[in-house]
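A short reminder: the numbers here are calculations on the coordinates, not readings from a lab. Quick caveat, the model's predicted, so the values are computed rather than measured. Cβ placement follows ideal geometry from the backbone for every residue including glycine, while neighbour counts extend to all protein chains displayed.
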Amino acid sequence: MKRALIGSILFLFAVSAFARPITEKDIFKFQWIGDPRLSPDGSQVAFVRVTVDEKEDRYATSLWSVPIAGGEPRRLTNGPRDSAPRWSPDGKTLAFLRVGEKKGKPTESQVFLLSMSGGESHSLKSLTRSVESIAWSPDGKTIAFTATMRSSDLDEKKKGTEEPRESDVLIINQATYRENGSGFNDPSRASHVWTIAVPGSPVDETAKPKQLTSGDYDEGDVVWSADGSRLFFTTLRIAEPYYEPEKTELWSVPAAGGESSRLLTFEGPMSRLSPSPDGKWLAFSGYISNPVRSYNEPDLYVVGTAAGAQPRNLTASYDYDVLAGVSGDQHAPRGGGGARPIWSSDSRFVYASTVEEGKSNLNRFDATSGAMTPVTSGKHDVISYAVGAGKTVALISTPTRIGDLFAVDANGSLKQLTDLNGPLFHELTLTEPDEIRLTSFDGMKIETWVQKPADFDATKRYPLILNIHGGPHAAYGYTFDHEFQWMAAKGYVVVYPNPRGSSSYGQEFGNVIQYRYPGDDYKDLMASVDAVIAKGYIDPKKLGVTGGSGGGLLTNWTITQTDRFAAAVSQRDIADWSTFWYVADFQQYQPSWFRKAPWQDPQDYAARSPITHIENVHTPLMLILGEADWRTPPMAGGEMMFRALKYLHRPAVMVRFPGESHELSRSGKPWHRVERLQNIVNWFDKWLLGKPMPQYDKGLRQ
C-alpha cells in the first residue's frame, strides 16, 4: 500500500514536472462527444466521436459505444462522416446517418443500419437528397425521416433519356432567402416527412420510401405517437410569416398515409418535440413571442396529443433558461445532437437541462405541477444527456474538460465513463477560472470570470484581455474554452463577463437592453475590467479587448467610447445597424431591437452604430471576418470599420477567412480556427507587448 502511494506521488510529480502550456495547435488533438443515446435496456451509450483530420483539414465523425457499468469505449463505425445514432426499440439495430464521398466531395447523407450482433453497416436506401433526421416507429418496422425530396426524385431514369437540367437561377421573393452556414435557400424545395419500411435482410433494398406530407412549407421535429399510428411534426403553413410575431403549428399525419391535421397554433417558437410513453402528451421547448422582446427566456411546455389541447408551461415560475446552453468554443463541431426533453417511463416526469448563472445542469420536472428536482448540480456545463431504463447519462464539460460522459446515480453522484482527452490533458497545465461578483454603475449585479496564466504570480503585473460574448443573449460560464486557456498560456489575464443582456440570469436581466444595445452593457464590461485592475496584478497600460458577433459589435463600440485599450480585435462584427438590417440572413420586421425600420428612424440606428463614432477610434483594430458569414455579413461590419479607419490613417488590419461562416470559432475548418487564434494573440502581442509582427506592418501608415 505504501509503495503504491509513493508510486502515485511520483507519477503526479512527473506529470506536473513535464506539463506544458496549451497551444493553439492542440485543437488538432482534441476529441469531442456528441449526441449520446442510451440503449433500450440501459446497458450502453452510443455516441458520436469527433476527431480532427489535420491533413485533410476537416473533422471526422464515427459512432462508438461505452457500457454504462464501465469499460473501454468500442468503435461501431469507421466514419468518417457518421452521425445521429438511433437505437431500434428492441436494441438490436442502430440506425444512423452517413455522408459518403465522391471525387473528393461529400455526397448526400443517407440512412444506414448496423446490427449490434455484428457485421458491417449497410444503406437502407439510396436517395437523391440528403436525409435530415430519422426516427424509429415504436414497433421497429419503419423509419420516418425528413428530406427535401420530391416523389419525382424516386422515378427511375428511363434508358436512353437524359437527366433533366435543373436551373441554378434563383427567383427570390421571400425576405429570408439565405441562411448562415447553408447559403441560399432553394425556393423550389421544402423539407417533408417520409417513411420507409426496415428490410428483413441487409441485401434487401426493395423498400420504397413513402411521402406523407407535401406542399410549399418545411416540416421538422418529426416524432411518432406512442402507438405508432401517426406522426407529429412542427411547421408553419403561412406565407411570409415574418410580418407577424413568431408562431408555430403542431400537426399530425397518419403513418399509413392520408390527410394531415393541425392540432395547435402556438404563439411562439416550438421545437424539440418529445412524446410521452403513455401517448397522452408532447413535451417541447418554446416561449410566447407576444409582447415582442429582444430576449425571450425559453420554457418547458407539455400539451395533449388530441386536437384542441392547450399547452401548459411547466417552468412559468422558474426564471432561468430551459434547454439552453453555455457559450464556449469546444462543443462538438459536428454531430452534436443537443439537449432535448426526455420523459420518464411512467410519463410522470420530464427531464430537461437548464442554465442558471453560467452553470448548466440536468433537472427533472413534474409533468403535472412543474415541480423541479435537480438531477445534477455543480459548476459545469451539461451539454446533453440520455435517460431511460432507470439510467441517466450526462455529457459534461468544465473549464478544464472538453466533455465526457458520466453515469448519474439517484443521489446525483457522477461516475466517469469516458476520458477521451485524458492522455493529452495530462500533458497540459490547465487552471480553473476565478469567479467575481461585482456591482455595476447602477447597482446591478454582474458576474465575471478571470482566467489566469498557469504560473500566475500575484506580485507581478499582467496584460489583460477583455473577451466579450456574442448573442447578445448568451452566457459565458463553466465550460471548456480553448481560446481563454490559450490566451492565458500566452501570459494574459483573460476577463470574460456576463453583462446585462446575458441569458441565464432571468427574463428581466436579459431583456433590459432592448432598444438600448449597445449602451449600459458597455458600462458593465468596464466595471468588470476595473474590478480586476483593482486587485493589483494588471498593468492598466496593457489592456486588450476582443469579442465575436454581438461581442464584435461591443468591441467596436468600446473603442469609440474610450482610448484605454491598447489594441482591439473585432470578430464577425456589426459596424452599422442600418446596413445590417438590410443584409443579415434573418428578417427584422418585428420591433425586437429597433422600433422602426432604418429610414423611419435613422437617428436611432446611427446613434447606436459604431461607424457613426469612427473618428473617436485611436485603438489599433484587427477585424476577423468569415467570407461566407451571412449572419453578420462583412459589408455591414469589418469592411466598413476597416475602410473608414484607413481613410483616417488609423492602424487597422482585416484578416479574412475564405469559405467560413459565422461559426468560424466553433466549427470552422481546424486550420482556420488555429490561424484565427494566432492572429488574435499576435495582434495583442504587437500592441500590448511590443513584439515585432511584420506581417501586419505593410500599409500601416500613421
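With axes computed from alpha carbons, what is the tilt in degrees of helix 2-18 against the longest principal axis of the chain, rounded to the nearest 10 within 0 to 90?
Roughly 60 degrees between the two axes.
Percentage of Cα-Cα pair distances in region 32-123 greater than 21 Å, rounded to whole percent?
Summing the P(r) tail past 21 Å for region 32-123 gives 30 percent.
Subtracting the Cα-Cα distance from 0.36 nm times the residue separation, let me have the gained length for GLN603 to ASP530 in nm, one decimal.
Value of the extension gain: 23.1 nm.
In square nanometres, what is one fourth of the surface area of the convex hull spanned by the alpha carbons of region 431-696?
Mean orientational projected area (region 431-696, Cα hull): 13.7 nm².
Which residue, chosen from GLY100, PRO40, PHE28, occupies the Cα position most advanced towards the positive end of the dipole of region 15-104, where the dipole is computed from +1 (Lys, Arg) and -1 (Asp, Glu) charges on Cβ about the Cα centre?
So the residue we want is GLY100.
Starting from the Cα gyration tensor of region 562-702, take the square roots of the eigenvalues, sort them a ≥ b ≥ c, and report rounded, prolate or oblate (rounded when a/c is under 1.5, otherwise prolate if a/b is larger than b/c, else oblate).
Judged from the Cα gyration tensor, region 562-702 comes out oblate (a/c at least 1.5, b/c at or above a/b).
Which whole-number percent is the relative contact order of region 345-491 (Cα, under 8 Å, 6+ apart)?
Relative contact order, region 345-491: 19 percent.
List the lysines whose Cα sits under 17 Å from the Cα of LYS208, skipping any in the same chain fewer than 8 residues away.
Qualifying lysines at Cα under 17 Å: LYS125, LYS141, LYS157.
Find how much the distance from ASP346 to GLU72 grows on full extension, using 0.36 nm per residue of separation minus their present alpha carbon separation; answer in nm with one decimal.
Extending this stretch completely gives an extra 95.5 nm.
What is the sum of charges, Lys and Arg at +1 and Asp and Glu at -1, for the other residues whose Cβ falls under 12 Å from the Cβ of GLU108?
+3
Given DSSP loops and a limit of at most 11 other Cβ atoms within 10 Å, what is the longest stretch of the chain that contains no such GluC sites (Glu not before Pro)?
For GluC sites (Glu not before Pro) (loop position, at most 11 other Cβ atoms within 10 Å), the longest site-free span of the chain is 260-702.
Give me the extension gain from GLU120 to TYR242: residue separation times 0.36 nm, minus the current Cα-Cα distance, reported in nm with one decimal.
That pair, GLU120 and TYR242, stretches by 39.2 nm at full extension.
Contact order normalised by length for the chain, with contacts defined as Cα pairs under 8 Å and 6 or more residues apart; what percent is it?
10 percent
Mind pulling the angle between the C-alpha long axis of helix 550-561 and the longest principal axis of the chain? Nearest 10 degrees, somewhere in 0 to 90.
Once rounded, the angle reads 20 degrees.
List, in order, the whole-Hz ³J(HN,Hα) value for each residue of region 452-468 obtained from phi through the Karplus relation with A = 6.51, B = -1.76, C = 1.60 and θ = phi - 60°; use x for Gly and Pro.
9, x, 4, 9, 3, 10, 5, 7, 9, 10, 10, x, 10, 10, 7, 10, 9
Read phi for every residue in region 543-549 and hand back ³J(HN,Hα) as whole Hz from Karplus 6.51 cos²θ - 1.76 cosθ + 1.60, θ = phi - 60°, with x for Gly and Pro.
Going residue by residue, I get 10, x, 9, 8, x, x, 6 Hz, with x marking Gly and Pro.
With the dipole of the chain worked out from charges on the C-beta (+1 for Lys and Arg, -1 for Asp and Glu) around the Cα centre, which of LEU689, TRP593, PRO472 lies farthest toward the positive end?
The residue sitting farthest along the positive end of the dipole is LEU689.
For the chain, what is the calculated [θ] at 222 nm in deg cm²/dmol (nearest 500), taking -39500 (n - 2.57) for each run of four or more DSSP H residues and dividing by its residue count?
-4500 deg cm²/dmol
What is the distance in Å between the Cα centroid of region 84-111 and that of region 221-244?
24 Å
Just checking my list (1) 28.6, 93; (2) 26.0, 82; (3) 29.3, 104 against Rg and Dmax of the Cα atoms in Å computed from this structure; which label fits?
(2)
Given all pairs of different Cα atoms, what value in angstroms does the Kirkwood hydrodynamic radius of region 543-593 take?
Hydrodynamic radius (Kirkwood, Cα pairs) of region 543-593 is 11.9 Å.
With r defined as the distance between the Cβ atoms of ARG129 and SER369 and R0 fixed at 41 Å, what FRET efficiency is calculated, to the nearest 0.05?
Once the sixth-power term is evaluated, E becomes 0.40.
Would you mind checking the pairs LYS523/LYS686; LYS55/LYS105; LYS359/LYS669 and listing those with alpha carbons more than 20 angstrom apart?
Too far apart for the 20 Å limit: LYS523/LYS686; LYS359/LYS669.
Taking amide H positions as placed in the peptide plane 1.01 Å from N, state which residues far from THR392 in sequence (5 or more) or on other chains have amide H under 5 Å from it.
Residues meeting the amide H criterion: VAL408.
What size of dipole, in debye to the nearest 20, comes out for region 431-696 about its Cα centre when the only charges are +1 on Lys and Arg C-beta atoms and -1 on Asp and Glu C-beta atoms?
The dipole magnitude comes to about 500 debye.
For region 27-106, calculate the relative contact order in percent as a whole number, restricting contacts to Cα pairs under 8 Å that are 6 or more residues apart.
23 percent
Give the cross-link partners of LYS452 among the aspartates and glutamates, using a straight C-alpha distance below 20 Å as the criterion and excluding same-chain residues fewer than 8 apart.
In chain and number order, the partners are GLU24, ASP26, ASP329, GLU427, GLU432, ASP434, GLU435, ASP481, GLU483, ASP530, ASP539, ASP685.
Enumerate the residues in region 25-62 having an amide nitrogen under 14 Å from the point lying 7 Å beyond the Cα of GLU427 toward its Cβ.
Answer for region 25-62: 25-31.
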